[in-house]
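Below is one structure, written out as structure tokens, with a few remarks after it.
The values are calculated or read from the model by the stated rules, or taken from the named source; none is laboratory data. What you see is a predicted model; the values in this text were computed from it and never measured. Cβ: placed from backbone, ideal geometry, glycine included. Neighbour counts: every protein chain shown. Surface areas here come from the heavy atoms of the whole protein model, side chains and all, with no ligands, DNA or RNA. Shrake-Rupley method; radii C 1.70, N 1.55, O 1.52, S 1.80 Å.
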Amino acid sequence: MIDHTLLDAYEAAGGDPARLSADQRHLAGERWTRVDELLLDLHMLRYGYVNEGYERHLDRMIAEDCADASVAERLRAMR
């Protein structure tokens, strides 16, 4: 699950897993990649590259992948 700890590290590293500290390297993996993918989808949504149906699909994916609503909101705000 995507949580605030992961988003803290993601933001601190500017999305670049190579910039993670040694004790945070374990965060770079599937969840890190998933954050990248969701942020790209949110970017495409923001600029009108996806339709309304995909927007609903994206909302479901974010709800499933995030630990709670506060994490989902923070992810949406990061776009």
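Nonpolar atom fraction for the chain, defined as the carbon and sulfur part of the 1.4 Å probe accessible area, stands at 49 percent.
Pairs of alpha-carbon atoms within less than 8 angstrom and 6+ residues apart define the contacts here; what relative contact order does the stretch 1-70 have, in percent?
Relative contact order for the stretch 1-70 comes out at 42 percent.
In the chain, the longest principal axis of the Cα atoms and the axis of helix 52-65 are about 30 degrees apart.
In this structure Arg19 has an accessible area near 150 Å², from a 1.4 Å probe over the protein heavy atoms.
Could you tell me which label, among [x] -0.28, -0.57, -0.99, -1.13; [y] -0.33, -0.69, -1.16, -1.25; [z] -0.60, -0.96, -1.02, -1.06, carries the value of log10 I(q)/I(0) by the Debye sum over Cα atoms at q = 0.11, 0.16, 0.22, 0.24 Å⁻¹ calculated for this structure? Looking at log10 I(q)/I(0) by the Debye sum over Cα atoms at q = 0.11, 0.16, 0.22, 0.24 Å⁻¹ for this model, the match is [x]. Please give the net charge around Tyr49, taking every other residue with its beta carbon less than 15 angstrom from that of Tyr49, where Lys and Arg add +1 and Asp and Glu add -1. Neighbourhood net charge equals -2. Going 7 Å from the Cα of Met78 toward and past its Cβ, which residues in the stretch 33-60 have a backbone nitrogen under 11 Å from where you end up? Under cut-off, by backbone N: 33-40.
Using r as the Cβ-Cβ distance of Val50 and Asp23, and R0 as 35 Å, what FRET efficiency do you calculate, to the nearest 0.05?
Numbers: r = 37 Å, r/R0 = 1.05.
For Val50 and Asp23, the calculated efficiency is 0.45.
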